[in-house]
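Remarks on the structure that follows.
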Amino acid sequence: MTTIHATDALEEALGAGSVSTSDADRDGASHDTWPVSTVWQKLGRHPHRPDIVVRANSTAQVQDVMRIATASGTPVTARGLGSSVTGQPLPIKGGIVLDLSGLVGAPILSEVDATVTVAAGVMGGDLESWLNERGWTMNHFPQSLYRSTIGGWIATRATGQFSSRYGGIENLVVAYECVLADGTVARLGQRPRAAMGPDLKQLLIGSEGTLGIVTEVTVKVFRLPETRVVDAFTLPSVQAGVDVMREIAQAGLKPFLVRFYDVDEAAHVVAPGTAEGPVLFLGAEGLDGVTQAEFAAAAGIARRHGAESIGSDPVTAWMGRRFDFSTVERLLAEPGGYAETVEVANMWSRLPAMYEEMKRALQPYADEVLGHFSHIYEQGSSLYLILLGRAADDEEALARLEAIWSTAMEIVVAHDGEVSHHHGGGLARQAWVERSLGTGFPVLQRLKAAFDPDGILNPGKLGM
């Protein structure tokens with residue numbers, strides 16, 4: 001079956017209005033919000049362009065697409081709202097881009113089980129607002145909450161700003177429905193835990209659409225908190241802040257907010273003159289008595305390391321703007337402007353040295369290199385670097401972005417760190433997948449061969 005015949009078959013199965021081969025739709029589906037892709041678009045380049053864009057609004061339609069794609073050997077790259085910042089939904093081998101943003105519908109809330117079930121194309125912010133009106137929350141807050149879908153969170157193994165208490169999507173998902181490469185539908189999950197084999201729902205979480213396509217999701221929900229306490233503190237050094245976070249995590253405390261900014265990023269997040277060194281944001285929430293005790297214990301740890309309170313205003317201000325991308329977007333819109341975010345992770349014992357080397361090595365490639373630590377665990381933490389710069393033109397900006405990625409990834413691998421904490425691999429990290437996974441990479445290859453023997457699901461991602 002040729003691409004033309006596949007297009008005819010798709011139009012017959014889904015209707016002509018759901019299938020497009022127009023230049024405008026194909027160009028639109030060849031970019032996401034990865035800064036490299038944004039600069040390509042500024043330069044009028046569309047290096048990863050699909051042949052067909054298909055919009056599905058039901059599981060049955062996704063099944064139809066996969067059956068036709070399998071029969072024709074046509075690659076399929078699933079896409080939600082295109083908010084990926086690493087090139088995950090870019091179809092590097094053409095074929096079909098399957099737009100899932102039409103997979104929407106009314107959520108189903110179970111207050112007894114504390115779960116909500118929703119179609120995978122629902123935008124996260126819409127679901128959070130719907131839950132808030134009923135006294136509930138997902139407690140999953142990626143910065144892209146209002147630009148990303150529930151299914152996208154599963155595919156990219158997303159995490160959110162309050163993960164130090166509530167965990168990432170892998171901790172929050174209860175079950176999901178997915179369509180496999182041959183059109184088979186499966187529902188993977190546990191009720192609420194099981195010892196009947198491995199936890200199969202983990203298989204597609206973070207698979208970036210290479211093993212199957214998520215069409216419906218059930219996630220945990222939580223009552224809106226009774227009490228919330230926040231404060232900001234200055235600390236004498238980066239090492240002191242890292243020590244505070246480690247001790248909080250290893251003490252078994254679960255503050256919902258733990259964000260520690262180095263001196264360069266602190267200058268952006270607190271009012272001028274408020275602090276001259278690194279800054280820690282700390283917050284606890286839940287039942288009143290428990291919240292007060294937990295916050296006091298965490299703040300006590302911070303004070304033993306030299307922390308001094310600068311009040312809650314910086315945290316309150318950040319809470320009001322935490323989904324704002326405008327600084328990065330304005331810079332990227334300028335001729336020669338560029339910005340990049342690189343989020344990695346490591347064990348506590350290796351984290352400070354990795355941070356120091358990354359900050360030093362990346363300085364030549366940007367006007368500013370900002371860093372913060374968040375998403376803490378008993379064994380380590382994420383490190384998030386933001387790079388801002390202006391080059392002579394967009395070609396030079398593109399070259400600097402490419403240098404940023406190669407430099408950063410080589411350092412992380414050398415320090416035995418995780419090359420991605422929550423943005424995923426996509427195209428940005430494709431060259432480092434095998435080195436990152438090590439002896440686990442052949443296991444991933446075997447899963448791919450079993451789930452997608454013809455290699456049609458998002459080929460060219462996760463090293464495959």
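Just so it is clear, none of the values below were taken in a lab; they were calculated from the coordinates. Every value quoted in this text rests on a predicted model; they were computed, and no experiment measured them. Because the Cβ atoms are built from the backbone with ideal geometry, glycine has one as well, and the counts that use them run over all protein chains shown.
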Among residues of the range 8-51, those that are closer than 23 Å to Thr156 by Cβ and outside any helix (DSSP H, G or I), counted: 11
Residue among Thr234, Thr274 that is over 30 Å from Leu127 (Cα atoms), in contact (Cβ under 8 Å) with a residue 24 or more places away in the chain and surrounded by fewer than 19 Cβ atoms within 10 Å (Cβ to Cβ): Thr274
Selection within the range 187-225 - among the charged types (D, E, K, R) and part of a strand (DSSP E or B): Arg187, Glu216, Lys220, Arg223
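Would you mind finding the one in Ala361, Ala353, Ala392, Ala399 that is surrounded by fewer than 21 Cβ atoms within 10 Å (Cβ to Cβ), free of Cβ contacts under 8 Å to residues at least 12 places away in the same chain, more than 22 Å from the chain's Cα centre (by Cα) and at negative phi? Lay out the reasoning, then the answer.
On the way: Ala361 fails: free of Cβ contacts under 8 Å to residues at least 12 places away in the same chain; Ala353 fails: free of Cβ contacts under 8 Å to residues at least 12 places away in the same chain; Ala392 fails: free of Cβ contacts under 8 Å to residues at least 12 places away in the same chain.
Residue meeting the stated conditions: Ala399.
State yes or no: is Gly73 in contact (Cβ under 8 Å) with a residue 60 or more places away in the chain, surrounded by fewer than 18 Cβ atoms within 10 Å (Cβ to Cβ) and farther than 16 Å from Arg26 by Cα? It would help to see each step written out before you state the result.
Working: in contact (Cβ under 8 Å) with a residue 60 or more places away in the chain: yes; surrounded by fewer than 18 Cβ atoms within 10 Å (Cβ to Cβ): yes; farther than 16 Å from Arg26 by Cα: yes.
Judged against the criteria, Gly73 is a match.
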The listed residue being closer than 28 Å to Ala284 by Cβ, touching a helix residue (DSSP H, G or I) at 6+ places or on another chain (Cβ under 8 Å) and either in a strand (DSSP E or B) or free of Cβ contacts under 8 Å to residues at least 24 places away in the same chain (or both), out of Val116, Val112: Val116
Residue within the range 139-162 that is surrounded by fewer than 18 Cβ atoms within 10 Å (Cβ to Cβ) and basic (Lys, Arg) present: no
